[in-house]
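Only one structure is covered here, and it is reproduced in the block below.
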Amino acid sequence: MTSSKGSTTGWIADIFEPVIPADGVRQGQGGEVYLPIGSTDFARTVTQLASHQFTLIGLVGIEGFGQGPGTSLLYIFEKLEHILILIADGDGTLPSIAKVFPSASWFERECRDGFGVEFKDAFDTRRLFLHETYPDNFHPLKKSFANAPITPKKDVTPADEYPFRKVSGDGVYQVPVGPVHAGIIEPGHFRFSVIGETIFNLEVRMFYKHRGIEKLAEGKETGQCLAVAEAVSGDESVANTTAFCMAAEQIAGVTVPERAWYIRTILLEMERITSHLGDQGGMLVDVGFPLGANQFSVLREDMMRQNAVFTGSRFLRGMIRIGGVVRDMPNEDLEFLASFLSMFRKRYQVGLKIVLSTTSVIDRFATTGVISRSLIQPLALSGPVARASGSTGDTRIQHPYGLYDRYRPAVRTLHDGDVLARFTVKAAEIVASLDLIEQLIKEMPAGPVVTDVAVRNGHSLALVESARGQNLCWLQVRNGRIERYKVRTASFCNWQAIGHAVLENILPDFPVINKSMNLSYAGTDL
Amino acid sequence: MVNALSCFIKKKLTEDEPIRDDDVERIGREIHAEVDAIFGRSLAIRELDTGSDNATEIEINNLTNPYYDAERFGITFVASPRHADVLLVTGAVTHNMAIAAKKTYDAMPAPKFVVAVGDEACTGGIFAGTYAVMGGVDKILPVDMKIPGNPPTPAEILAGLSALMKKARQN
């Protein structure tokens with residue numbers, strides 16, 4: 001699995017020599033490269049990475065990772081197939097890098113809440129996932145805090161209230177929306193500043209659903225943590241448990257049997273199809289086209305029922321385990337799945353034709369909610385959101401895991417960056433996933449579906465491409481128990497693009513823009 | 001006259017409805033009868049997510065797809081708690097949602113009912129006893145009915161609503 005990432009770390013020297021000595025480089029168990037960096041070299045190194053078009057895809061805070069008990073910060077950078085992790089001391093001397101890598105803003109705020117780490121010259125020091133009722137100086141991810149119920153503040157005074165960005169001027173007024181929305185959706189607060197109907201500014205406040213996923217995992221045995229990984233985001237259950245298991249397997253140094261990867265890959269792609277169908281139906285609801293919406297919602301229900309027939313869960317839950325999959329799939333189940341998908345494909349094409357030949361739908365989709373390509377790298381956007389705006393990035397291609405180096409999915413890139421492009425990219429991805437599953441069923445080898453996994457200490461990074469984009473899992477195991485479980489779903493980064501996507505659009509188009517980006521609140525809030 | 005005649009002869013434009021489950025139809029008829037009798041033919045439901053993993057929302061949303069089409073049974077999902085008879089709550093109650101959840105409940109006119117949907121809403125599930133959640137919905141609101149599941153299926157949610165109707169009639 002790590003072969004495509006290369007065994008040499010020569011590219012590091014190409015970037016840093018002779019500016020910064022790149023000694024101390026070490027390759028991790030998932031192929032990622034770790035580089036400890038002192039605070040004096042930190043700013044220069046980050047600038048160097050920015051000039052080489054690296055993307056900051058994650059920031060992991062962790063205590064006791066370095067020499068002492070203090071907090072270390074692991075900055076995870078990506079460029080094409082390379083992953084570089086800078087290890088720095090979170091002792092308060094590091095500068096904020098949000099001006100160089102805007103994706104760092106939420107990452108740093110997350111670390112400040114979790115560990116109490118300060119970043120010098122940070123322009124946004126508001127709390128992120130700890131809202132008003134959390135006590136002051138409370139940092140739940142510190143090891144000194146044992147996970148137990150806390151007493152929240154009783155009253156929220158106006159001084160405690162979250163200070164939103166102020167936008168003022170002639171004719172500007174504010175529209176606060178949420179956290180409880182009109183539809184059956186998850187909670188989040190949107191603060192619109194509008195002039196007439198046109199959106200002038202949008203600030204998103206999330207983390208209403210902060211459930212303490214990462215802390216919950218700590219101290220558990222890895223095998224007990226699958227339900228926690230599934231609970232990150234319901235419709236990404238397979239992707240997040242696969243990422244978690246990959247990290248655990250890399251730490252243990254085991255190779256998952258081939259047939260297990262065939263089953264896992266089928267499940268991952270079924271999950272992608274199910275998720276994309278929901279978005280497509282939702283986008284059509286939001287432009288008032290029930291004829292099309294019902295085509296997709298019927299197909300989605302069919303898919304969810306097929307999920308249940310195949311695995312016993314409409315959300316494909318309970319199938320992935322460390323070392324493989326929970327049970328083998330009998331060949332007749334696979335044949336049934338293949339025949340279902342072949343019927344499904346024909347009906348999907350019918351639904352798609354209805355939608356794409358309806359001018360009123362195209363009129364609402366085209367040029368709405370444009371996300372500029374120039375946002376992809378600064379905000380670490382991924383998934384269909386990025387691929388509809390000109391990105392060719394796909395974790396399955398860049399960091400192939402399991403079977404994806406042999407079964408490369410067709411990646412569709414469009415350049416308009418609007419709702420229509422996102423709809424079309426998702427349609428192409430559904431067809432590509434159908435192709436992939438059919439091929440996997442045809443070529444699936446016989447053999448075991450699970451291997452024994454011995455407990456070993458270590459840490460590792462795993463990346464998967466969920467339906468929404470790149471999901472990241474960084475795991476550390478110590479004495480057989482989880483020391484740190486860091487999840488960063490694609491939605492965490494993609495949410496930060498919505499404030500850009502809605503600008504100059506009218507407020508009534510917000511629902512369809514939001515749906516087209518398919519952002520998970522649960523996966524962001526953790 | 002010719003046009004009117006041709007309407008009868010021409011192939012119908014609408015499609016046959018998808019095959020429906022007998023169970024769902026039976027539960028739906030029960031709900032319909034109860035809603036007619038107790039709620040004046042319309043049961044208005046407001047959904048509230050206090051910290052779910054989004055799977056339960058997906059299943060509640062699925063109640064409106066053509067397979068279930070729950071509106072046939074007199075159930076409507078409404079946009080405002082001020083229009084709602086029933087609050088359908090999903091997820092363990094997070095500290096960050098507690099205030100909004102209480103405000104939502106307070107905005108509903110009496111008589112009102114609270115239904116906890118999914119394991120986490122019922123008991124706190126895997127999050128019970130941790131720093132970020134208060135526990136199940138009954139920690140902050142009076143719960144009239146619990147529908148367990150991870151997540152419960154649309155049919156199970158309908159069955160739970162049917163049980164709520166029967167309970168409401170008894171009171």
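Take the conditions crowded, with 21+ Cβ neighbours inside 10 Å and either within 15 Å of A:LYS215 (Cα to Cα) or of a type in the set (Ser, Thr, Tyr) (or both) and apply them to A:ARG488. Does it pass? Break it down into steps so the answer makes sense when it comes.
On the way: crowded, with 21+ Cβ neighbours inside 10 Å: yes; either within 15 Å of A:LYS215 (Cα to Cα) or of a type in the set (Ser, Thr, Tyr) (or both): yes.
Here the answer is yes, as A:ARG488 does meet what is asked.
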The one condition in (1) within 10 Å of chain B (Cβ to nearest Cβ); (2) at pLDDT 95 or above that A:VAL238 fails to fulfil: (1)
Cross-chain or 6+ apart pairs with Cβ under 6 Å, segment A:115-133 first and within 14 Å of chain B (Cβ to nearest Cβ), then crowded, with 21+ Cβ neighbours inside 10 Å and polar (S, T, N, Q): A:HIS131/B:ASN96
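For segment A:423-439, does any single residue satisfy the condition of being under 30 Å from A:ARG327 (Cβ atoms), β-branched (Val, Ile, Thr) and in contact with a Pro (Cβ under 6 Å, 6 or more places away or on another chain)? Break it down into steps so the answer makes sense when it comes.
Just the residues of segment A:423-439 that are under 30 Å from A:ARG327 (Cβ atoms), to begin with: A:429-439.
Next cut, β-branched (Val, Ile, Thr) only: A:430-431, A:437.
Filter once more, so that each one left must be in contact with a Pro (Cβ under 6 Å, 6 or more places away or on another chain): none.
No, there is no match, as no residue in segment A:423-439 is under 30 Å from A:ARG327 (Cβ atoms), β-branched (Val, Ile, Thr) and in contact with a Pro (Cβ under 6 Å, 6 or more places away or on another chain).
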Go through segment B:54-85 and give me each residue that's free of Cβ contacts under 8 Å to residues at least 12 places away in the same chain and surrounded by 17 or more Cβ atoms within 10 Å (Cβ to Cβ). B:ASN54, B:ASN61, B:ASN65, B:ASP69
Evaluate segment A:269-292: report whether one residue or more is of a type outside the set (Asp, Glu), within 18 Å of the chain's Cα centre (by Cα) and more than 26 Å from A:ILE513 (Cα to Cα). no
How many residues does segment A:191-209 contain that are within 14 Å of chain B (Cβ to nearest Cβ) and either open to solvent by 10 Å² or more (accessible area, probe 1.4 Å) or of a type in the set (A, V, I, L, M, F, W, C) (or both)? 4
Just checking, which of A:ALA231, A:ALA260 is farther than 22 Å from A:TRP495 by Cα, among the small types (Gly, Ala, Ser) and open to solvent by less than 20 Å² (accessible area, probe 1.4 Å)? A:ALA260
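Mind checking which residues of segment B:31-53 are open to solvent by 20 Å² or more (accessible area, probe 1.4 Å) and within 14 Å of chain A (Cβ to nearest Cβ)?
The initial filter retains those residues of segment B:31-53 that are open to solvent by 20 Å² or more (accessible area, probe 1.4 Å), namely B:32-34, B:36-42.
Across segment B:31-53, there are no qualifying residues.
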Hits in segment B:66-89 - residues which are touching a strand residue (DSSP E or B) at 6+ places or on another chain (Cβ under 7 Å) and either away from chain A (no Cβ under 12 Å) or within 17 Å of B:GLY28 (Cα to Cα) (or both): B:GLY74, B:ILE75, B:THR76, B:PHE77, B:ASP85, B:VAL86
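Out of A:ALA88, A:ALA50, which single residue is at pLDDT below 95, within 27 Å of A:PHE16 (Cα to Cα), open to solvent by less than 10 Å² (accessible area, probe 1.4 Å) and in the same structural domain as A:GLY28 (by TED's automatic domain parsing)?
Details: A:ALA50 fails: open to solvent by less than 10 Å² (accessible area, probe 1.4 Å).
Matching residue, one of A:ALA88, A:ALA50: A:ALA88.
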Condition broken by A:ASP333, with the remaining ones in (1) at pLDDT below 95; (2) in a helix (DSSP H, G or I); (3) closer than 30 Å to A:PHE510 by Cβ satisfied: (3)
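The values are calculated or read from the model by the stated rules, or taken from the named source; none is laboratory data. Nothing here was measured: the structure is a model prediction, and the numbers come from that model. Every residue, glycine among them, receives a Cβ derived from its backbone with ideal geometry; neighbour counts consider all protein chains shown. To get the accessible areas, we keep the full protein, side chains included, count just its heavy atoms, and leave off ligands, DNA and RNA. Shrake-Rupley method; radii C 1.70, N 1.55, O 1.52, S 1.80 Å.
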